[in-house]
């Protein structure tokens, strides 16, 4: 194998691949990236056995072939090469080395046989559709904060992507929850997504997917089977196993009868919550919301260290209400609001509270109260 | 005690004070900042018993007095208050609380009695002089990287500031070394510094001092005794115990007879060292320098992971030489060069190597070789 490639193109492909590689590996080949050169393309493939990313980049291929080298070391080398350099990678299979040459720099890296690299088995994808990157970005960005980190509840360790019934017909829906808060985000159902099996996309895959969606407005090809999900751009294919479990029936958690409505500027609200929470050093900081006609008082009382109170002007015309929340959860849902005011719908101080952005019902958040 | 102060002024004073406070404290009062209001000034004082910082800020003092509160919590609160806010701090001594009010935010923090706060005893300073901030900045910035972290060699855990004989008369000199490398930085001797006792300024104090010297060209008042050193601007006074030990005779370490001279662009050199070191994952990465007429070849050989080699154009007209160094040490000394080319003076592959910036002899670095 021998090919030449522009440093920037190489860096982008290798960086994406190496981010899938786990830093601590007991299986040496999993630390490596599989490089395959053929025709006028080179493919870089990395995996942790659960997620696989394949990055394709144009190159001048002089000799087709394939080998594997340390993904982290290759990425570090390419990152440190000067911008604009032409990089030549050549395999010396007799010596078991890959040489990397750019300008007056020469590197030689130990290789492992390409035959040992675990290429992910392809799946029988029953659903195939295309969705614009911004739509997928919104679905996952606004839900991922609620993913559980409790390993015992492994079926909550991801985002549940499925087809559901929205107000105006079927929607593509992403839901995440850790039992304390929940996010439910809807998008128009893309053509071809009807009948898609619901899948739980693992946290790590959500993170890797985010990089695919980074820059632009391109269409993302999505393929789903009962066991796998695949997201692809023309250059990058991300394939992941889905979590083998049943996502709980979240619909019962979303309150329907909450009528006490408070509307508040989300930015002001988040800043005030952040400030009053400062006086408490406990991990689960309870913030008390006391609501009265058009007036919200946020307060925290930490007997050992101090107390804090802040008043905010809000729109509220229901009866007096006091309710407590974990400060971190309040901050996280308030920071999801990007366009309009945050609208909170309360029932009583013991019931889950609902939050949405203005009158938009395609993004709904639920947060459980805390006793204060 | 009661006073009002502009948020930005308060933040600057409290931030400087709280940075001295150690995060883990067994003595509760050491987590606090002592606030003293009198006339039209407020003083903020924090200490870890070895270093003390006192920050003075103008305020509208309504009621003189003093108390102590958690430095970290106060800093966090002030940081989160909106820019430009007027902040009012008032002590309720009966309740043992300090209230902090800004706009519609109200905080109340637990206090500890001011009498319990350990104010550092003043010292009998035998030497007092003034030095421009940029001069002190250069002396400490260029030497601190070589400070040892080995606690058993406590007398190397700081920068040795003393008066010495330079090429053109007496100089103010800072030296630091960890036995593997050494930095020796000279400045013109300020008036009044003659006869100053040599003191070892601890690493933490060097870090705190750096913040004092940050912005401008002001004069810094320096006071030195056998046991303490003090640096002061009109607003901030940093007092520190010095390390109670004898700094070794560093002059014997600085080679005098090194004649093989190599001149190289410091930036290109550092980048090349960084690149070739990538292939080795060991902590002490040895880089080999092979010198020949106007040609330097840097190389690293890590049998398990790979090898790297890079050629650089240099000015060198002595006989062929091969010498090895720790890559990290080479990078660190090369990054001290800010104006001119790096000039290396070698003797043999087993002898310490000297580096300086161009023909400037007021900043000299020594690095020990490694067998490669």
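Being at pLDDT 95 or above, over 30 Å from residue A:16 (Cα atoms) and surrounded by fewer than 17 Cβ atoms within 10 Å (Cβ to Cβ) holds for only one residue in A:249, A:294, A:304, and it is A:249. Screening residue A:280 against (1) surrounded by fewer than 18 Cβ atoms within 10 Å (Cβ to Cβ); (2) under 20 Å from residue A:328 (Cβ atoms) leaves a single unmet condition, (1). Does residue A:191 satisfy the criteria of being part of a strand (DSSP E or B) and either modelled with pLDDT under 95 or not assigned by TED's automatic domain parsing to the domain that holds residue A:57 (or both)? Considered against the rule, which asks whether it is part of a strand (DSSP E or B) and either modelled with pLDDT under 95 or not assigned by TED's automatic domain parsing to the domain that holds residue A:57 (or both), residue A:191 comes out as no. Any residue in segment B:219-234 that is in contact with a helix residue (DSSP H, G or I) (Cβ under 6 Å, 6 or more places away or on another chain) and buried (at least 19 other Cβ atoms within 10 Å of the Cβ)? The answer is yes, given that some residue of segment B:219-234 is in contact with a helix residue (DSSP H, G or I) (Cβ under 6 Å, 6 or more places away or on another chain) and buried (at least 19 other Cβ atoms within 10 Å of the Cβ). Residues in segment A:76-92 that are surrounded by fewer than 24 Cβ atoms within 10 Å (Cβ to Cβ) and in contact (Cβ under 8 Å) with a residue 60 or more places away in the chain: 11 in all.
Within segment A:70-83, is there a residue that is away from every other protein chain (no Cβ under 13 Å) and either touching a helix residue (DSSP H, G or I) at 6+ places or on another chain (Cβ under 9 Å) or in a strand (DSSP E or B) (or both)?
no
Free of Cβ contacts under 8 Å to residues at least 60 places away in the same chain and in contact with a strand residue (DSSP E or B) (Cβ under 8 Å, 6 or more places away or on another chain): is that true of residue A:165 in this structure? Here the answer is yes, as residue A:165 does meet what is asked. Applying the set (1) farther than 21 Å from residue A:184 by Cα; (2) crowded, with 19+ Cβ neighbours inside 10 Å; (3) free of Cβ contacts under 8 Å to residues at least 24 places away in the same chain to residue A:356 leaves exactly one unmet item: (1). Within segment B:182-196, none of the residues are within 30 Å of residue B:291 (Cα to Cα), without any contact (Cβ under 8 Å) to a residue 12 or more places away in the chain and touching a strand residue (DSSP E or B) at 6+ places or on another chain (Cβ under 9 Å). The combined condition, being assigned to a strand (DSSP E or B) and surrounded by fewer than 14 Cβ atoms within 10 Å (Cβ to Cβ), is fulfilled by residue B:165.
Of the residues making up segment A:29-53, those that are surrounded by fewer than 23 Cβ atoms within 10 Å (Cβ to Cβ) and farther than 27 Å from residue A:244 by Cα are A:36, A:38, A:39, A:40, A:41, A:43. Taking segment A:86-136 and the strands (runs of 3 or more DSSP E) fully enclosed by it, the elements with 1 or more residues that are more than 30 Å from the chain's Cα centre (by Cα), within 14 Å of chain B (Cβ to nearest Cβ) and under 16 Å from residue A:32 (Cβ atoms) are at A:86-92, A:97-102, A:105-112. A count restricted to segment B:268-277 and to residues that are surrounded by 22 or more Cβ atoms within 10 Å (Cβ to Cβ) and more than 17 Å from residue B:344 (Cα to Cα) stands at 3. Summed over segment A:107-135, residues that are buried (at least 17 other Cβ atoms within 10 Å of the Cβ) and either without any contact (Cβ under 8 Å) to a residue 40 or more places away in the chain or within 30 Å of residue B:297 (Cα to Cα) (or both) total 6.
Just so you know, in segment B:316-329 the residues that are farther than 22 Å from residue B:256 by Cβ and in contact with a strand residue (DSSP E or B) (Cβ under 9 Å, 6 or more places away or on another chain) include one that is nearest to the other protein chains (Cβ to nearest Cβ), and it is B:327. If the condition is being over 15 Å from residue B:115 (Cα atoms) and assigned to a strand (DSSP E or B), then segment B:45-69 contributes B:51, B:52, B:53, B:54, B:55, B:56, B:57, B:58, B:60, B:61, B:62, B:63. Just name the residue that is nearest to the other protein chains (Cβ to nearest Cβ) out of those in segment A:22-44 that are over 14 Å from residue A:110 (Cα atoms) and in a strand (DSSP E or B). In this case the residue turns out to be A:44.
Looking across segment B:62-74 at every residue that is surrounded by fewer than 22 Cβ atoms within 10 Å (Cβ to Cβ) and touching a residue at least 60 places away in the same chain (Cβ under 8 Å), the one that is nearest to residue B:24 (Cα to Cα) is identified as B:66.
For segment A:263-287, the set of residues classified as away from chain B (no Cβ under 14 Å) and modelled with pLDDT of 95 or more consists of A:263 only.
The values are calculated or read from the model by the stated rules, or taken from the named source; none is laboratory data. Small disclaimer: the values here were computed from a predicted structure and weren't measured. We place every Cβ from the backbone using ideal geometry, glycine too, and count neighbours over all the protein chains shown.
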